[in-house]
1. Look through 22, 8, 35, 28 and report the one residue that is at positive phi, modelled with pLDDT of 95 or more and surrounded by fewer than 12 Cβ atoms within 10 Å (Cβ to Cβ).
2. From 51, 55, grab the single residue that is under 11 Å from the mean Cα position of the chain (by Cα) and open to solvent by 90 Å² or more (accessible area, probe 1.4 Å).
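The values are calculated or read from the model by the stated rules, or taken from the named source; none is laboratory data. Not measured: the values here are computed from a predicted model. Positions of Cβ are generated from backbone atoms using ideal geometry, with glycine treated the same way; all protein chains shown enter the neighbour counts. The area values use the complete protein model at the heavy-atom level, side chains included, leaving out ligands, DNA and RNA. Shrake-Rupley method; radii C 1.70, N 1.55, O 1.52, S 1.80 Å.
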Amino acid sequence: MNENLPKDAMMLMSFINMKLRDRYATLDALCDDLDIDREWLVKKLAEAGFEYSPEQNRFW
């Protein structure tokens, strides 16, 4: 897991969405490239009320 990720859920969501928009076609590609545990990321953001949309390739 990347320790340089923002700790705050809102900042994390914003950071991940920016990366998804600008660089990665899928959440899996982002997680593989940045060495982030996908299950951890989805759970962390779900706890803050965010859900990943594969169709839109973003958390909302």
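1. 35
2. From the options 51, 55, the qualifying one is 51.
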